[in-house]
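The values are calculated or read from the model by the stated rules, or taken from the named source; none is laboratory data. Keep in mind it's a predicted model, so treat the numbers as computed, not measured. Virtual Cβ from ideal backbone geometry, glycine too; neighbours counted across all protein chains shown. Note: accessible area is taken over every heavy atom of the protein model, side chains too, but ligands, DNA and RNA are not part of it. Shrake-Rupley method; radii C 1.70, N 1.55, O 1.52, S 1.80 Å.
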Amino acid sequence: PRGDGRAAEVAAEVRVSRRRWVVVLLFSSYSLCNAFQWIEYGSINNVFVRFYGVSAFAIDWLSMSYMLAYIPLLFPVAWLLDKKGLRLIALLGSALNALGAWVKLGSLRPQLFSVTVLGQVVCSVAQVFILGMPSRIASVWFSSREVSTACSIAVFGNQLGIALGFLIPPVLVPNVEDVEKLAYHISIMFFMTAGVATALFILVVIVFKEKPPYPPSRAQALIQSRPTEEYSYVQSILRLLRNANFVLLMITYGLNTGCFYSLSTLLNRMVICHYPREEVNAGRIGLTIVLSGMAGALISGLWLDRTKTYKQTTLVVYIMSLVGMIVYTFTLNLGHLWVVFVTAGVLGFFMTGYLPLGFEFAAELTYPESEGTSSGLLNVSAQIFGIAFTISQGQIIDHFGTKAGNLFLCFFLLLGSVMTAFIKADLRRQQANVENEHTPVQSGERPKGSRSRPTLTNCSGR
């Protein structure tokens with residue numbers, strides 16, 4: 001049918017699977033566990049500094065290892081996702097997450113800091129198998145009416161893990177003077193984490209499937225009907241990088257999420273500067289940012305499924321992130337801690353709520369390319385900008401104060417808002433669903449059993 005403008009016939013019945021909610025919730029759970037292990041050191045930085053006898057900078061690098069590991073490992077993992085599919089990636093991600101948690105249990109003596117570094121590096125590698133999965137799971141398992149909500153739920157788990165990482169370690173590991181008692185409290189946290197991670201890995205082995213028996217949407221049916229030999233991973237990346245709208249989104253996503261990473265990393269320093277000896281409340285402010293962001297992410301997903309207004313919603317949320325950052329910047333030093341809680345909550349609602357918007361907008365702009373590849377490129381951009389912003393803002397705060405450091409982030413959020421306005425709403429996945437909604441189906445044939453599927457034309461014209 002190439003060139004005649006008609007929708008291709010899809011030899012499959014479009015039907016959603018009841019297993020889809022179990023799959024996305026299971027993914028969200030082991031993503032939560034991995035995110036918890038990222039922040040468990042940073043939330044009680046001073047405790048681990050004293051226990052291992054290392055510098056605060058060394059403990060900071062336990063968290064920074066997540067960012068550094070992602071950049072070089074994205075492409076091989078994205079290639080593996082496209083070649084081997086969701087199940088293998090889920091197995092590797094959950095297995096490495098559990099392995100890293102058990103390795104940390106071998107580091108319960110002050111002289112064994114190198115062992116805890118090894119465990120954290122294993123967990124950081126597991127993260128590479130997790131971050132790019134939400135939009136891919138949503139597309140493969142969910143209908144066009146549910147896909148954005150499903151993506152938000154998948155992202156929700158990661159954010160909840162960060163929130164629990166701020167909340168639980170200070171409770172389980174009190175700052176006691178006796179090293180033996182401190183090791184005992186740390187062991188409780190490590191044992192609980194390893195137990196949960198192992199249970200989730202077992203559930204992935206039993207429950208997690210490659211894909212449902214039938215495609216959940218017309219867009220997914222078209223992708224599944226494409227002959228395997230037509231797909232080239234290298235060509236897919238090149239097509240993404242030639243897609244001007246996606247490149248703009250990749251930059252703007254990196255700017256927004258990089259600002260969030262920098263703000264989260266330096267939050268304790270900024271709060272303590274204006275409110276001395278309020279370390280506990282600094283952690284609670286971080287918790288407030290993450291929890292409000294989770295609400296924003298879920299609401300964003302529900303809104304997108306109802307309206308399909310990807311460009312408009314993304315732009316509004318981006319602008320509100322800028323407004324929230326400006327308000328936070330100029331109220332931080334007023335001397336009222338409750339004001340900081342309110343402004344930080346509003347900022348987190350929009351800034352963190354932007355995360356699933358970016359994933360889903362990218363999936364729309366780049367269909368029928370792999371969602372794992374597009375999400376991975378977004379995350380690489382976020383890691384690069386996150387490292388650059390954290391180092392730069394930290395230096396600005398040291399030399400010019402917290403207001404100058406926050407204004408630095410405001411400038412890049414303004415730049416990102418302007419760039420977002422220039423992204424064209426080329427919703428290719430929605431177009432594929434609409435153009436094929438009346439396509440005849442063969443209800444008795446499972447897609448994976450068909451050996452005579454037709455060669456299809458991409459509805460977007462590529």
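For this structure, a couple of remarks:
- Counting all C-alpha pairs of the range 16-216, share separated by more than 28 Å (%): 28 percent
- Once divided by 2.2 N^0.38 Å, the Cα radius of gyration of the chain becomes 1.00.
- Label-to-label distance, nm, for residues given as residue 242 and residue 307 (7 Å Cα→Cβ offset): 3.4 nm
- By the combined test of axial Cα extent (at least 30 Å) and Kyte-Doolittle hydropathy (mean at least -0.5), the qualifying DSSP H helices of the chain come to 56-84, 147-172, 179-207, 244-274, 279-307, 310-331, 371-400.
- Order of exposure, largest accessible area first, which applies to 336, 274, 185 with probe 1.4 Å: 336, 274, 185
- Modelled spin-label separation between residue 269 and residue 178, with each label point placed 7 Å from Cα along the Cα-to-Cβ direction: 3.6 nm.
- Under the simplified labelling scheme, the residue 15-residue 50 pair shows an inter-label distance of 6.2 nm, with each label point 7 Å from Cα along Cα→Cβ.
- The heavy atoms of residue 133 present about 0 square angstrom of accessible area, all protein chains included, probe 1.4 Å.
- Interatomic Cα distance distribution for the range 322-395, bins of 10 angstrom, percent: 17, 32, 31, 15, 4, 0
- Ranked from largest to smallest solvent-accessible area, with a 1.4 Å probe on the protein heavy atoms, 209, 104 come out as 209, 104.
- Cross-link partners for residue 211 among the lysines, with Cα-Cα distance under 26 Å and sequence neighbours closer than 8 places in the same chain left out: 83, 84, 308, 448.
- Heavy atoms of residue 180: accessible area, 1.4 Å probe, square angstrom to 10: 130 Å²
- Debye equation applied to the C-alpha atoms of the range 233-435, log10 I(q)/I(0) at 0.11 Å⁻¹: -0.51
- Its alpha carbons considered, the range 265-327 gives a radius of gyration followed by a Dmax of 15.4, 46 Å.
- Those lysines that a straight Cα-Cα span of less than 27 Å connects to residue 181, excepting residues fewer than 8 apart in one chain: 104
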